[in-house]
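Only one structure is covered here, and it is reproduced in the block below.
The values are calculated or read from the model by the stated rules, or taken from the named source; none is laboratory data. Being a predicted model, the structure only gives us computed values, none of them experimental. Because the Cβ atoms are built from the backbone with ideal geometry, glycine has one as well, and the counts that use them run over all protein chains shown.
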Amino acid sequence: MEEIQKEVELDCEPERAWRALTDEDELSEWLGGEVEADLKPGGEITVREEDGERRGFFETIEPGRELSFWWSRPGDDESSRVEVRLEPSERGEGCVVRVTESRPMIALERELMEITGSHGESGAGGGPVAAATLCLA
């Protein structure tokens, strides 16, 4: 599985950081585009950026602690999963925000390619990952 992890320590209470992650205006600043978000499991998220938009859905919402969502751009072969966790700082003040963006379906794609000898080519276009992504969206 391919993934990128980032971590930042903030000098604010976790409640304030949670507000920044769940308020559409503040989330827009963080994600770099206009955000529309229905903050509930299965709720949609749309981020409009200068170069297009990403659309997806929320997988989990644990108020004050964690949220995760899947998103992709039109034409992407697969969605990526973004998980954001808030934890108290080990310093005793502030909080830590941990963000992990992964492409869990890429491992399945590689395994299927190995088993079938294909390279993601199918009559429907996009290969097995595209088909699996449609199920998720």
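In the set (1) small (Gly, Ala, Ser); (2) assigned to a strand (DSSP E or B); (3) more than 14 Å from the chain's Cα centre (by Cα), residue 56 fails one condition alone, (3). Between a first residue in the range 91-120 that is modelled with pLDDT of 80 or more and a second residue that is part of a strand (DSSP E or B) and among the basic types (Lys, Arg), which pairs have beta carbons less than 6 Å apart while being 6 or more apart in sequence or on different chains? Cβ pairs passing all conditions: 98/85; 99/6; 102/81.
If only residues of the range 59-106 that are in contact with a Ser or Thr (Cβ under 6 Å, 6 or more places away or on another chain) and in a loop (DSSP other than H, G, I, E, B) are counted, the one that is nearest to residue 27 (Cα to Cα) is 79. Applying the criterion of being of a type in the set (Asp, Glu) and touching a strand residue (DSSP E or B) at 6+ places or on another chain (Cβ under 6 Å) to the residues of the range 1-22, the residue that is farthest from residue 66 (Cα to Cα) is 2. Taking the range 58-78 as the range and being touching a residue at least 40 places away in the same chain (Cβ under 8 Å) and of a type in the set (A, V, I, L, M, F, W, C) as the test, the residues that pass are 67, 70. In the set 14, 63, only one residue is crowded, with 16+ Cβ neighbours inside 10 Å and closer than 22 Å to residue 96 by Cα; that residue is 14. Among the residues of the range 1-16, which ones are within 15 Å of residue 83 (Cβ to Cβ) and among the aliphatic types (A, V, I, L, M)? Answer for the range 1-16, where residues must be within 15 Å of residue 83 (Cβ to Cβ) and among the aliphatic types (A, V, I, L, M): 1, 4, 8. Taking residues in the range 1-20 that are over 30 Å from residue 111 (Cα atoms), and partners anywhere that are assigned to a strand (DSSP E or B) and of a type outside the set (A, V, I, L, M, F, W, C), the pairs with Cβ atoms closer than 9 Å and at least 6 places apart or on different chains are 7/98; 8/98; 14/87; 14/88.
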